[in-house]
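Down below is the structure, laid out as structure tokens.
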Amino acid sequence: MEAMMEERSISVDQETYERLALVRARLSARRAEALTWDEFVRVLLARERRKSEIVSWAYTVGIFLAITVVLLWPVYVYAPRLIPLVFLVGIAFAAVWAYILSPHSARMMKPFKDAPLEIVHWLEEIAQKAGLKRTPILRIAETPEVNAMALSSLSGGTVCLTRGTVDAYLANRLSSDEMRAVIAHEIGHLRNRDHLRDGLALSWVSVFDYFGDESIRSGMRMARIGTVLEATAAEEARAGEDARLSGVLGAILAFSGWFSVVAGSLAKLLAKAASTLALHLSRRQEYAADDVAAEVTRPEHMGIALEKIHQLNEELVATELAKLPLADRWQLQPRNRTWVEGLWDTHPSTETRVARQQAVAQVLQEGP
């Protein structure tokens, strides 16, 4: 059981107190009821949360706009009437991703029917504390990796724990506080509707990437057929037969095929470049989910959980390498990654995430 929150008093100067008292009085008059100081602070916190949500969605829409300008600038320049269609396609893709494809992925992971009762209780408790209307479904992924994920759905979403995470908890390598922080982080993704926001940011990136793959695939086929027709036409010409039609058709197919390959490659390059903006949003979402976990548990628990997960996964990699033939010759060399490589990271570095939570925890411990 969690310890009861102790009551604390804070000291403020007279001017600050009078201003806060005036704001509380105005809110009380507007609601026709006298708000206690606790109720008043809860109202302010709720307002701050709504403001944060508005800013997050505005940021997401801004990322979406920037991506579509990169990928679809001719529409903005030459056919601005089609801009609403661009938005509709993005919204439709985001909805399909978040509420159809994501739940389908969740079905590939089995329900965690034999989950420890305390984990089930924590899931319900944290979901309620975070403000979710429904408790997420709990699932298990049979992999030794120490990780967790959240998947959205119309029924309230799913939190999936890996077998490695549960085993680490049962072996006391993750404490109950750290396990609660892991669950809270995933619930943070659900509360922030990150799947929907990801889908919006990646909508046109995915369209261009798919178009690029199909163009390259079909272009290679056409180029091969064209090359065969050209070779056949050459043989027919040497035999004195009329091969002009085959030669012309082969040349057209070969040219069209290689043009399709170039166009597809260009589309994939544009999608790769634009995806840096979407992945920047993804990294911001990880920070925000960490903050939700720190809000409903404690910052130090989230920070320690991140450190332990990183350590446990490194140990797992080392164990798997040890099973290979000539294991002493297999080594993971440390890499000095450039900032350019970091543009395509889905998550911020563990060190940065831990440092953020430790800084908040330190301020809380020091007090006013």
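Coordinate-derived values only; no laboratory data. As the structure is a computational prediction, the values presented were derived from the model and not from experiment. Positions of Cβ are backbone-derived with ideal geometry, glycine not excepted, and every protein chain shown enters the neighbour counts.
Whole-Hz Karplus values for region 68-75 come out as 5, 5, 5, 8, 10, 4, x, 5 Hz, taken residue by residue from phi with 6.51 cos²θ - 1.76 cosθ + 1.60 and θ = phi - 60°; glycine and proline positions read x.
Rg then Dmax, both in Å and based on the Cα atoms of region 19-159: 21.8, 60. Please quote Rg/Rh for the chain to two decimal places, taking the Kirkwood radius as Rh and restricting both calculations to Cα atoms. Reported Rg/Rh, Kirkwood definition of Rh: 1.11.
Here the Gaussian network model covers the chain, with springs between Cα atoms less than 10 Å apart; of Ala263, Ala79, Ala58, Ala79 fluctuates the most.
Among Tyr17, Tyr169, Tyr210, the largest mean-square fluctuation in a Gaussian network model of the chain (Cα springs under 10 Å) belongs to Tyr17. Axis of helix 176-191 versus longest Cα principal axis of the chain: the two differ by about 60°, to the nearest ten degrees. Phi angles of region 149-160 translate, via the Karplus equation with coefficients 6.51, -1.76, 1.60 and θ = phi - 60°, into HN-Hα couplings of 8, 10, 10, 7, 6, 5, 8, x, x, 9, 10, 10 Hz per residue; Gly and Pro are given as x. Of the residues Leu249, Val182, Ser275, the one whose Cα sits farthest toward the positive end of the charge dipole of region 167-277, with +1 on the Cβ of Lys and Arg and -1 on the Cβ of Asp and Glu, is Val182. By the beta-carbon count within 10 Å of each Cβ, the least crowded to most crowded order of Lys51, Lys133, Lys308, fewest first, is Lys133, Lys51, Lys308. A Gaussian network model of the chain, with springs between Cα atoms under 10 Å, assigns the largest mean-square fluctuation among Glu295, Glu145, Glu214 to Glu214.
Separation of region 122-201 and region 240-293, taken as the distance between their Cα centroids, equals 35 angstrom. Dividing the summed helix terms, -39500 (n - 2.57) for each DSSP H run of n ≥ 4, by the number of residues in the chain produces a 222 nm estimate of -24500 deg cm²/dmol to the nearest 500. Taking the longest Cα principal axis of the chain as reference, the axis of helix 350-366 is set at about 10 degrees. Stokes-Einstein diffusion for region 175-271 at 20 °C, viscosity 1.002 mPa s, with a Kirkwood radius from C-alpha pairs, works out to 126 µm²/s.
Report, for the chain, the % of DSSP beta bridges that are antiparallel, rounded to 5.
55
Each residue of region 28-38 was assigned a 3J(HN,Hα) from its phi angle through the Karplus expression (A = 6.51, B = -1.76, C = 1.60, θ = phi - 60°), giving 4, 5, 5, 8, 6, 8, 7, 8, 6, 5, 4 Hz with x at Gly and Pro. On a straight-distance basis, which aspartates and glutamates could pair with Lys268 in a cross-link, Cα separation under 20 angstrom, same-chain partners fewer than 8 positions away excluded? Qualifying aspartates and glutamates at Cα under 20 Å: Asp198, Asp209, Asp213, Glu214, Glu341, Asp345. Against the chain, whose longest principal axis is taken from its Cα atoms, helix 244-296 shows a tilt of about 10°.
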